[in-house]
1. So for each of 173-182, 135-144 I average, over its residues, the number of other beta carbons within 10 Å; can you give me the resulting order with the highest mean first?
2. Where the only charges are on Cβ atoms (+1 Lys, Arg; -1 Asp, Glu), what is the dipole of region 144-210 about its Cα centre, to the nearest 20 debye?
3. Can you tell which of Phe262, Ser240, Thr222 lies farthest toward the positive end of the dipole of region 136-275, using +1 and -1 charges on the Cβ of basic and acidic side chains (Lys, Arg; Asp, Glu)?
4. Any idea how far apart Leu272 and Asp136 come out in nm if each label point goes 7 Å out from Cα toward Cβ?
5. How much length is gained on full extension from Ser260 to Lys332, taking 0.36 nm per residue of separation minus their Cα-Cα distance?
6. Calculate the spin-label point distance for Lys188 paired with Ser61, positioning each point 7 Å from the Cα along the beta-carbon direction, and give it in nanometres.
7. Find the accessible area per residue for region 216-281; the probe is 1.4 Å, ligands and nucleic acids are left out, and the unit is Å².
8. Based on Cβ point charges of +1 for Lys and Arg and -1 for Asp and Glu, what charge dipole magnitude is obtained for region 190-245 about its Cα centre, in debye rounded to the nearest 20?
Amino acid sequence: MALKVNQKNKETIVEQKQEGNEQQREKEEERLWSWGAGTDGQLGTARLEDEHLPQLLNVPSLSSSGPVSMLACGGSHVVALTSGGKVLTWGRGNSGQLGHGEMVNSLLTPKPVLSLESSFITQVSAGWNHSGFVSDEGCVFTCGDGSFGQLGHGDYRSHCSPVKVSFFDNKHVEQIACGMRHSLVLLKDSSGNQLFGFGSGRRGQLGISIDRIKSVNTPQVTCGFEVVKIISISANGDHSAALSADGQLYTWGRSFGANSDFLSPQHLPSPLQFSKAVLGWNHALVLSDDGQVFMLGGSHHGVLSNPEKVTPSKHLSGSPVLERVPGLDGMKIVQIAAGAEHSAVITAEDGVIKTWGWGEHGQLGLGSTCDQSSPQTVNLSHEVLHKDYTIRVYCGSGFTYAIRTLSSLS
């Protein structure tokens, strides 16, 4: 708001800034599509059914809340963060993961999380049955299933409203990543102890000890990053990953085809620098600075683009092996996303979404329930392929979302 004072009448006239008009224009140009598993309401279609093709959404509650800056898609629920720091959730809520103060089987349309209204939220994450929220003041809140300690509150209780994790009261949290039954938290500009894990640790996904730990309910330091600056984290299934400031990839937890799990972070040596890492239940995708996509694991349901190219001998070496994803040759990729057993990428030249992997629920958006072992083009609509638009893609365990925004405002 801008204040203009009329000196003659001593009246204060409140004028709306142009920013309001710009935000309205951005919101009018925003389009959301969803497809895949929908029997818990996670697609936002107001129907409890799967969709095999992209569905253009008309969701007034989301439209009135401002432009969506990011989505976090979990087991069967969705967390939307607006550019104004507001949070809306929908989908399965039987563990309290929606944060509305009650446990519900399903919520068909986006609903604001009222208990977070007093905070400006900057980042969100969705696990299998829990959710995490980070504020601009560096606080982190969690809700949902806490039976493995993944909420970080020092107990194994579940919460149906977001609760601040008091362990980080005197620290500035930058990111949270929620996996199947564990969580990771990254601190901002912290030297030494910058990364913490809590929840289930039976596969080593917390990275807090050289011994196997069933679970912890308070944050513990993830080992091995004392002299490494971490800038982003990821969690899904029983996997964890991190990218360093110099573009190096680290993974820990359940192995990607190796003989044993990794109880502490493992550096995957590569001459390339990586800008993004995402995790599924049995695979990981990483995006290099030059737009190439590589994969770890992924022999389940065809999530690996060409399973024949990964020979058993490569998996017996004891360490994960990065394989370039075939079928994307000559294409520069600008975004990657991973569901439980499916993958999605966006091409740089024309903003096309390509998907592959597990297709049982229609999560590939190709009009069928077939698995695909190589990237296939998803058809949204002809209007999407326009130079003024930017497309983003997000994957839940068995479903997918796409958002179109104006390039100048995205």
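The values are calculated or read from the model by the stated rules, or taken from the named source; none is laboratory data. Everything numeric in this text was worked out from a predicted model, so none of it was measured. As a convention, Cβ positions derive from the backbone with ideal geometry for all residues, glycine included, and neighbour counts pool all protein chains shown. Side chains are part of the model used for accessible areas, which takes the heavy atoms of the whole protein and leaves out ligands, DNA and RNA. Shrake-Rupley method; radii C 1.70, N 1.55, O 1.52, S 1.80 Å.
1. Details: 173-182: 26.1, 135-144: 21.4.
In decreasing order of mean packing, 173-182, 135-144 become 173-182, 135-144.
2. Values: 7 positive and 5 negative charges, 38 e Å.
Using Cβ point charges on Lys, Arg, Asp and Glu, region 144-210 gives about 180 debye.
3. Phe262
4. Computed distance between label sites Leu272 and Asp136 equals 3.6 nm.
5. Values: separation 72, 0.36 × 72 = 25.92 nm, distance 3.38 nm.
Separation in residues times 0.36 nm, less the Cα-Cα distance, equals 22.5 nm.
6. Modelled inter-label distance: 3.0 nm.
7. Numbers: 2510 Å² over 66 residues.
Averaged over the residues of region 216-281, the accessible area is 38 Å².
8. Details: 5 positive and 3 negative charges, 28 e Å.
Roughly 140 debye for region 190-245.
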